[in-house]
Amino acid sequence: MSEFPKKPDRPELYRFKLQLTVGRGGTGTVYRALDPETGETVALKLFRANFFRNKLHLRDLQKSAKKFKKLSHPNLVKIHELISGDEGEVLVQEFVDGPDLQWYLSKRPWNLHELLVIIVQICNGLGYLHDQGLMHHDLKPGNVLFTRKGQAKLCDFSLGGTGLLTELFDAGRAEQITPMYVAPEVIQKKRATKLSDMYSLGAMMYLMFTRRLPFEVDSLPKLYHCHLHDKPLHPTIAHDKCPHYLGDVIMRLLEKDPKKRFQDCDLLRISLSDIGRQRI
């Protein structure tokens, strides 16, 4: 059983009244809190003291937070502000009152209709980000949250900036599952683009529709080699309920060459709608 949620380790953080500790990971601790100025329930992410290696990384976060404050979309978690001070760096964002996609995949039975509804919502949020000239950089099940009404919302998009991407491959970083979804060009330390997000989306879809990762290996070097050189099993072989055409869509997203992937979320949504008409 998960240790969260649990009582917070302090009563307040800056002006906020802490209600619960809802999670803790490699980047820091997340609290549910009350903003006394607005009466709104919010989520606070308090970054670990050693998360930022230098001022450049912190500046990346500050720039990203300013950009993302301006965004508004039903499938994105709303960013309110970033606070820096004696109590640490705290990201204030919309509180989402349901579980994440990782929980869904571990608890819910395989259901094509539900999975297609979820992935279309993810496409909507990701497409909006890309239309603004921005990227997510860290698509994975833990960064897809659900409201209690079943609305999917992307979170933790680009908050580290591109300067933090190389740290995905730092052996000193704990609890790192992100490389399971990272694009080959990012491993090669080439410039990440929205097509890198499309690869990560493909890896996540592979897990959603097969309940297994594209590459199940026991070390990071082997994983990087697979991302760079190997093809995963076709999803239809990995899970017999996955429609063949949907498997083809996922395999196209996982192409090593970015030019061979779906070039945007609109094209992907069209293909997904074709599956829906055929099967539902």
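Read-outs: derived from the displayed coordinates by stated rules, not from any lab. This is a predicted model, so every value here is computed, not measured. Cβ: placed from backbone, ideal geometry, glycine included. Neighbour counts: every protein chain shown.
Quick notes on this one:
- Label-point separation, K55 to R24 (7 Å along Cα→Cβ), nm: 3.1
- ³J(HN,Hα) computed for each position of the stretch 210-218 - Karplus, 6.51 cos²θ - 1.76 cosθ + 1.60, integer Hz, glycine/proline x: 10, 6, 8, 6, x, 10, 9, 10, 10
- Placing +1 on the Cβ of every Lys and Arg and -1 on the Cβ of every Asp and Glu, with nothing else charged, gives the chain a dipole about its Cα centre of roughly 220 debye.
- Extreme residue, positive dipole direction of the chain, given options N143, H130, L154 (C-beta unit charges): H130
- In the stretch 101-279, lysine pairs with alpha-carbon atoms under 19 angstrom apart (chain gap of 8 or more, or interchain): 22
- Karplus-derived HN-Hα couplings along the stretch 136-145 (A = 6.51, B = -1.76, C = 1.60, θ = phi - 60°), whole Hz, x at Gly and Pro: 8, 6, 8, 5, 6, x, x, 9, 10, 10
- Spin-label zone in the stretch 122-144 - amide nitrogen under 11 Å from a point set 7 Å from the Cα of V217 along the C-beta vector: none
- In order along the stretch 251-256, the Karplus-derived 3J(HN,Hα) couplings, from 6.51 cos²θ - 1.76 cosθ + 1.60 at θ = phi - 60°, round to 5, 5, 5, 8, 4, 5 Hz, and Gly and Pro are given as x.
- Computing FRET efficiency as 1/(1 + (r/R0)^6) for L233 and E87, where r is the C-beta to C-beta distance and R0 is 51 Å, gives about 0.60.
- Taking the Cα centre of the stretch 12-94 as origin and assigning +1 to Lys and Arg Cβ atoms and -1 to Asp and Glu Cβ atoms, the resulting dipole is close to 440 debye.
- Label sites at S72 and Q263, each approximated as a point 7 angstrom past Cα along Cα to Cβ, lie 3.2 nm apart.
- Using the Cβ-Cβ distance between S273 and R252 with R0 set to 22 Å, the FRET efficiency from 1/(1 + (r/R0)^6) comes to roughly 0.90.
- Of all stretches in the chain that contain no GluC sites (Glu not before Pro) in a DSSP loop with at most 13 other Cβ atoms within 10 Å, the longest one is 88-174.
- Qualifying trypsin sites (Lys or Arg not before Pro) in the stretch 23-86, DSSP loop, other Cβ atoms within 10 Å at most 11: K70
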